[in-house]
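Before any comments, here is the structure.
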Amino acid sequence: MSSTEVTGRASVADEVSEYRMWIGGAWCEAHSGARFPSIDPFTGREWASVPDAGAADVDAAVKAAETAQFGVWGRTSGFERARLMHRLADLMERDAALLAETETRDNGKLLREMAGQVDLLPAYLEYYAGWADKLGGEVLPTDKPNFLVYTVEEPVGVVAAITAWNSPLLLLHFKLTPALAAGCTFVVKPAEQTSVSTLRFAALLAEAGFPDGVLNVVTGDGPVVGSALARHPGVDKVSFTGSTATGISVARDAAEHLAPVSLELGGKSANIIFGDADVDAAVNGVVAGVFAAAGQTCQAGARVAVQESLVDEVSAQLVERANAIRLGDPADPLTEMGPLAFPEQHQKVLDCIRTGVEDGGTVLAGGGVPDGDLADGLFIAPTLFSGLANGARLNQQEIFGPVASIIPFSTEEEAVQLANDVSYGLAAGIWTADVRRAHRVARQIRAGTVWINAYRVISPSVPFGGFKASGYGREGGRRGIDEFLETKSVWVELSGDTRDPFKLG
């Protein structure tokens, strides 16, 4: 790995750092020697390059993980795993600023947002470190008094993780921290657009003292490397975060060797604002849910369902807020929204906006590329639509950009139907002063997370995941570690009087 330290954007603007993959405790190039660039979304320039791996590199990474799983890591106690995880948390705190800046260089999100995410990561390590030395089975009563029966919780084995580009380290920690606590080894393929922060993190894991092969990082093209990883017979579990279409492909690849899969996929979440809601708070929730991250979050509350009595007021406030959002350099603390992560995503969002107009929607704010100095970049003005039915294309497809649509409703029943009338089921927000209504509606919404008078809040101790096309499996809480454990039942005959099965009586 390059020893270059990114300490400021200006000082490294023309410097390209070369990084290597981390496999079996060593930095290495791809077998082919191929590389690809990492582009800064704000400047449009290459700032780093990483290896472009292939099937041979995936095989080497999985074998390194197998060696550790059946070797030193497999013999490591939960108490020792917890100690190492606490040590890693300390190192994360030490290098948080560097890791946050790396993520901003890679995906163009605000530095303050990436800093907030990185600051949260030690909490995930510490939470799951608390589980590492407490995992155990139970003694089970049976109808056979001559037997002692107990269960043992064991690591599932080698985990293959494929992470998305919008929050690389956060998404990695959702998977890695419970897997380490469970005693698994890990091979991760970060998104090809945002691989550098994961490689830098691997260096910290090595510094913390984790054995070679516990974490392995392979970089490269998603369809090539990700598919090879999911299909590899040495992989015991696959955990994926990304689009629904890609998730289906990953699950199909893993099914070839019956590896279990957990999928955290897309969303098209509803933010429901009832007539008695605190409008200022609800508007803040909408802005946080779809504009604060430039819409590049699976949780984006892009369908803003508003009870008819508040439509005009909420619309006016959202238009004012959207038009006032400051776009610019994501490293600038005054910037409120940065560019999209890469050109293909930028074009996809523009295409979605065009379909909204074609289907008869009214653009209340934004609607495309901003004017002025940012016109040639990967920016899209915060965009707000009205006049589109819930079934319109814009309101049914995940956009992953700063685009929201206001959809009026009249009754509580209509709000629930609207929220559920989509193929996804990741999250929802409910804004109301009526506590009975809040709980009543939350119970009826088919989504993995429902926030009441809040939006886009997470914690290491709380499960997160989706229903329907938003995937299956959970990350966070005790449910998160269960994804990486298998249960073994042990029967012990106590009497010493085992009957000959071929003699009657």
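The values are calculated or read from the model by the stated rules, or taken from the named source; none is laboratory data. Model, not experiment: these values are computed from the prediction. For neighbour counting, all protein chains shown are included, and Cβ atoms are generated from backbone atoms with ideal geometry for every residue, glycine included. These area figures cover heavy atoms from the full protein model, side chains too; ligands, DNA and RNA do not enter into them. Shrake-Rupley method; radii C 1.70, N 1.55, O 1.52, S 1.80 Å.
Which residue, of 425, 367, 401, is under 30 Å from residue 463 (Cα atoms), in contact with a strand residue (DSSP E or B) (Cβ under 6 Å, 6 or more places away or on another chain) and open to solvent by less than 60 Å² (accessible area, probe 1.4 Å)?
Values: 367 fails: under 30 Å from residue 463 (Cα atoms); 401 fails: in contact with a strand residue (DSSP E or B) (Cβ under 6 Å, 6 or more places away or on another chain).
Testing whether each residue is under 30 Å from residue 463 (Cα atoms), in contact with a strand residue (DSSP E or B) (Cβ under 6 Å, 6 or more places away or on another chain) and open to solvent by less than 60 Å² (accessible area, probe 1.4 Å) leaves just 425.
Yes or no, residue by residue, for (1) over 20 Å from the mean Cα position of the chain (by Cα); (2) of a type in the set (Lys, Arg); (3) assigned to a loop (DSSP other than H, G, I, E, B); (4) buried (at least 21 other Cβ atoms within 10 Å of the Cβ):
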site: 223; (1), (2), (3), (4): no, no, no, no
site: 226; (1), (2), (3), (4): no, no, no, yes
site: 246; (1), (2), (3), (4): no, no, no, no
site: 304; (1), (2), (3), (4): yes, no, no, yes
site: 314; (1), (2), (3), (4): yes, no, no, yes
site: 322; (1), (2), (3), (4): yes, no, no, yes
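Within segment 459-471, how many residues turn out to be open to solvent by 50 Å² or more (accessible area, probe 1.4 Å) and either at pLDDT below 95 or among the aromatic types (Phe, Trp, Tyr) (or both)?
Of the residues in that region, 1 qualify.
So residue 131 fits all but one of (1) modelled with pLDDT of 95 or more; (2) open to solvent by 40 Å² or more (accessible area, probe 1.4 Å); (3) out of contact with any Gly (no Cβ under 9 Å at 6 or more places or on another chain); (4) closer than 25 Å to residue 458 by Cβ; what number is the exception?
It fails just one condition, (3).
Yes or no: segment 437-449 includes at least one residue that is touching a Gly at 6+ places or on another chain (Cβ under 6 Å) and assigned to a strand (DSSP E or B). Step through it out loud before you land on a result.
Within segment 437-449, the subset touching a Gly at 6+ places or on another chain (Cβ under 6 Å) is 446-448.
Add one more test, that the residue is assigned to a strand (DSSP E or B), and what stays is none.
No, segment 437-449 contains no residue that is touching a Gly at 6+ places or on another chain (Cβ under 6 Å) and assigned to a strand (DSSP E or B).
Only helices (runs of 4 or more DSSP H) wholly contained in segment 111-219 count here; list those with 1 or more residues that are within 25 Å of residue 258 (Cβ to Cβ).
Numbers: elements: 111-132, 168-182, 196-208.
In segment 111-219, the matching helices (runs of 4 or more DSSP H) lie at 168-182.
Pick out the one residue from 129, 115, 161, 89 that is free of Cβ contacts under 8 Å to residues at least 60 places away in the same chain and within 30 Å of residue 380 (Cβ to Cβ). Full working, then the answer.
Numbers: 129 fails: within 30 Å of residue 380 (Cβ to Cβ); 161 fails: free of Cβ contacts under 8 Å to residues at least 60 places away in the same chain; 89 fails: within 30 Å of residue 380 (Cβ to Cβ).
Going through 129, 115, 161, 89 in turn, the sole match is 115.
Working only within segment 7-39, note down all residues that are assigned to a loop (DSSP other than H, G, I, E, B) and at pLDDT below 95. Give the steps one after another, and end with the answer.
Initially, segment 7-39 is screened for residues assigned to a loop (DSSP other than H, G, I, E, B), giving 7-9, 13-16, 19-20, 24-25, 29-34.
Answer for segment 7-39, where residues must be assigned to a loop (DSSP other than H, G, I, E, B) and at pLDDT below 95: 7, 8, 9, 13, 14, 15, 16.
For segment 417-433, name all the residues that are over 16 Å from residue 266 (Cα atoms), out of contact with any Lys or Arg (no Cβ under 9 Å at 6 or more places or on another chain) and either without any contact (Cβ under 8 Å) to a residue 12 or more places away in the chain or not in a strand (DSSP E or B) (or both).
Listed by number, the residues that qualify are 417, 432, 433.
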